[in-house]
Each structure stands twice: as C-alpha cells, then as structure tokens.
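Okay, so here's the structure we're looking at.
Computed from the coordinates by the stated procedures, all read-outs in this text should not be read as laboratory data. Computed from a predicted model, the values in this text were never measured in an experiment. Cβ atoms come from the backbone with ideal geometry, glycine included; neighbour counts cover every protein chain shown.
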Amino acid sequence: MLIKKICVVVTARPSYSRIKTALTAIHKHPKLELQLVIAGSALLGRYGNAVEFIEKDGFEIAEKVFMVLEGENPTSMAKTTGLGVMELANVFYRLQPDAVVTIADRFETIATSIAASYQNIPLIHIQGGEVTGNIDEKVRHANTKLADLHLVASEDARHRVIKMGENPEMVFNTGCPSIDLANEIKVNPKLDFDPIQKYGGVGTTIDWKQGYIVVMQHPVTTEYASARKDVEETLKAVYELGVPTFWFWPNVDAGSDGTSGGIRAFREKHQPKNIHFFKNMEPNDFLKLLVNSKCLIGNSSVGIRECSYLRVPVVNIGTRQNKRERGSNVLDTVYKKSEIIKAIQNRMEAKDIVSENIYGDGLSGDRIATILASTKFTFHKTIMY
C-alpha cells in the first residue's frame with residue numbers, strides 16, 4: 001500500500017489550533033504519514049512557545065526551523081519570510097514529502113508555499129478564500145494561487161477560491177479544524193482549572209470566579225505605526241470598566257512591539273487590579289476560558305470563528321477582521337475608549353446570541369485526512385487536452 005508523506009508546517013501559536021485535529025487524523029490514517037515541521041514564532045518563548053504544547057500532545061516533530069528576525073516591522077517581516085524560504089527549502093529537500101500543507105494567512109506561510117512550489121512539491125492550502133483587512137489577505141490569496149489543493153473553511157470561501165480561477169474539483173469545503181476543538185468544548189464546557197494557578201502569567205491575582213472578560217488584540221500590519229495608540233484605547237476602556245480580565249500577548253507581527261510596549265507601560269503606570277496577562281494556553285484550555293467568559297474583546301480571528309460556534313459575545317475592534325464572514329455574536333467598533341466601553345456593555349448584556357456553523361461542524365480533521373488520502377496530487381495546474 002502506497003503511503004503518502006504529508007508535511008505540515010506550523011509557524012505560529014494560532015496555526016496549531018487551526019490544524020490540530022487534522023494532524024491527529026493524518027497521523028492515524030493508514031494511507032498517510034505525518035511529517036510535522038514547527039517554525040517561526042511557534043518556537044519562541046516570548047510568543048507562548050507553542051512547540052511545548054505540541055510536544056505535550058504527543059506529536060513527533062520532524063524539523064524545527066528558527067527563522068524570526070527581531071524588529072516587529074514590515075522590513076523584519078519581509079526578511080523573516082525570505083529566511084523561511086531558504087530554511088524550509090532545505091527541510092523539504094531532506095524530508096522529500098509527497099505534499100506540503102500551509103495554513104491560513106500569516107506572513108510566514110508564503111515562505112512555505114514558495115519553498116514547496118519551486119521544488120515541484122504539491123502544495124495544499126488550508127483556509128484560503130477568506131477576506132480581511134491587512135497584509136494577511138494578500139498572503140492568503142497568494143498562497144491560493146501557488147496551491148494545488150484547497151481545503152477551505154466555509155462555502156463563501158469555496159466560491160471565492162473558484163472565482164480566483166482554481167479548478168472546482170480541487171476545492172473542498174472541509175470546515176476549520178479549530179471548530180472540531182470548539183465542538184469538544186461545547187459538549188463539556190466546564191472550566192475545570194484555575195487559569196492563574198496553571199499558567200502563571202503576570203499581574204494581580206484577580207477574582208475571576210464571579211465573571212470575567214478576555215482580551216486578545218494584535219497589531220494590524222498595514223497600520224502598525226498606530227499599534228501602541230490602539231492598544232492604549234482598549235486598555236483604558238477595560239481598566240475603567242473594572243471587570244476582571246484575562247489579557248493575552250500579541251502575535252509576532254509588524255507593530256507587536258508597539259502593542260506589547262503599550263501594555264507594559266500601562267501596567268507599570270496604573271498597576272491595574274482587574275487585569276491578569278498571559279502569553280499562551282493550550283488550545284482546549286483557551287476555548288474553555290472563552291466559553292465561560294462574559295465577552296471576548298480585541299481583533300483575533302478566534303472571535304469570528306470559534307466564538308460564533310460557541311455563542312461567545314465578541315467586541316471586534318478596528319479593521320483586522322474587515323469583511324470576514326461573521327456571526328450574530330460579533331459587534332464591531334473603533335479604537336476609541338468610550339465606544340469600546342459601550343460595545344463591551346452591549347455584548348455582556350446580549351441574550352439573543354445563537355450557535356452558528358459558518359466555519360464548520362466539528363468534523364473537519366477527519367474530512368481533511370480522507371481528502372488527502374484519496375486525492376491524486378499534482379504540482380502544476382496545466383490541463384492536458
């Protein structure tokens with residue numbers, strides 16, 4: 001029996017939850033062999049060291065690729081991508097995979113796509129066809145045009161990929177594997193751990209058991225110069241509300257030094273008694289934290305995807321998720337303290353939020369493995385007549 005070697009590249013902490021159940025399904029499938037490559041900020045402690053959670057979950061890592069350059073600006077992003085192309089090209093040469101999987105839209109993912117495509121390795125793109133308001137959209141669509149097989153997360157995304165000229169027979173709506181994790185939490189939503197006791201973090205030991213909110217705000221790469229000013233508005237709003245808050249560190253993007261610098265300065269100046277800060281959590285624990293919260297605030301895609309399925313109220317701030325398909329749980333606002341406060345109060349009082357299956361039904365991982373096992377891979381799109 002022919003075994004297909006599937007090389008999956010995870011470059012950042014959010015990418016792991018976006019692919020975790022598919023990794024398990026690929027590993028278990030009798031016709032597939034998983035080659036897991038961990039790269040980029042997923043290896044760095046300052047961004048949560050996602051590799052520790054990956055190893056704890058029992059996955060064998062084939063290669064680790066250190067490729068992130070300091071700077072947190074557009075130039076360092078471009079150089080990191082270039083370094084990623086060189087390093088991943090060597091990795092693929094050594095591993096000789098039958099296909100390479102690149103995930104979603106982070107700037108490093110284009111390095112995976114280029115390194116595979118230029119070596120005539122079939123490229124599979126997970127979660128293409130979506131739209132957002134920053135550099136991620138350009139990267140996502142570029143990945144789509146380099147990819148040979150498309151495993152999208154929604155019907156809207158599937159139609160968009162086909163409109164981009166891709167072969168409809170190679171575009172599948174699998175849903176997002178992160179919804180598989182959300183489905184597990186939906187069945188058993190109890191918050192069965194103490195977040196501060198388990199993960200430490202920084203700041204006051206808040207009294208969260210009577211209710212809390214969660215904040216996850218990243219810089220917008222096309223607006224990176226305003227990252228510090230933007231996060232300060234959110235900080236002031238949350239501080240003024242006084243609601244117990246769990247706040248998560250930003251991703252490694254242009255502007256993340258502004259976001260993290262704003263957080264540190266505000267923390268030192270005000271020493272807020274209602275905010276506790278974390279770098280990262282295991283995917284399932286993070287979803288348990290969300291489903292038991294009063295509201296998620298910020299601009300993370302988790303508010304658009306998993307929270308719509310889990311019926312978690314969301315305040316989405318700014319343009320980072322611009323035009324992305326969303327559920328009734330999301331209320332959009334701008335970076336202005338008074339507007340953020342009003343939006344949070346609105347969402348905490350919302351009673352009419354329902355669960356929506358925009359991004360999947362909880363069966364994506366197995367669906368992806370089945371498609372990978374049954375599809376004939378090619379490394380070009382030329383139709384032979």
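Rg and Dmax of the stretch 184-349, both derived from C-alpha coordinates alone, stand at 14.6, 42 Å. According to the Cα-based calculation, Rg over Rh for the stretch 109-189 is 1.04, with Rh computed by the Kirkwood formula. For the peptides 312-318, 269-275, 284-290, 76-82, residues were scored by their other Cβ atoms within 10 Å and the scores averaged per peptide; the highest-first order is 312-318, 284-290, 76-82, 269-275. Of the peptides 20-31, 200-211, 148-159, the ranking by mean beta-carbon count within 10 Å, highest at the top, reads 148-159, 20-31, 200-211.
Converting phi to 3J(HN,Hα) with the Karplus coefficients 6.51, -1.76 and 1.60 and the offset θ = phi - 60°, the stretch 98-114 yields 7, 7, 10, 10, 10, 10, 6, 8, 5, 4, 6, 5, 5, 5, 4, 5, 5 Hz in sequence order, with x at every glycine or proline. Relative to the Cα centre, the charge distribution of the chain, modelled as +1 at Lys and Arg Cβ and -1 at Asp and Glu Cβ, gives a dipole magnitude of about 280 debye. Using a Cα-Cα cut-off of under 22 Å, which lysines could be cross-linked to residue 5, ignoring same-chain neighbours fewer than 8 residues away? Correct list for residue 5: 20, 28, 31, 64, 376, 381. Dipole magnitude for the stretch 310-355: computed about the Cα centre from +1 point charges on Lys and Arg Cβ and -1 point charges on Asp and Glu Cβ, it is near 140 debye.
Ordering of 176-189, 250-263 by packing is 250-263, 176-189, highest average first (other Cβ atoms within 10 Å, averaged per residue). Proximity of backbone amide H atoms, modeled 1.01 Å from N, is registered between residue 4 and 32, 33 at under 5 Å, excluding neighbours fewer than 5 places apart on the same chain.
Sequence-ordered 3J(HN,Hα) estimates for the stretch 285-301 from the Karplus curve with 6.51, -1.76 and 1.60 and θ = phi - 60° stand at 5, 4, 5, 5, 4, 5, 5, 9, 8, 7, 5, 10, 10, x, 8, 7, 5 Hz, glycine and proline given as x.
Within the straight-line cut-off of under 20 Å between alpha carbons, the lysines reachable from residue 337 are 229, 236, 269, 273, 294, sequence neighbours fewer than 8 places apart in one chain being disregarded.
Kirkwood analysis of the Cα pair distances in the chain returns a hydrodynamic radius of 21.0 Å. Listed values for the stretch 329-339 are Karplus-derived 3J(HN,Hα) couplings in whole Hz (6.51 cos²θ - 1.76 cosθ + 1.60, θ = phi - 60°), namely 6, 9, 10, 8, 8, 10, 7, 9, 3, 4, 6, and x replaces Gly and Pro.
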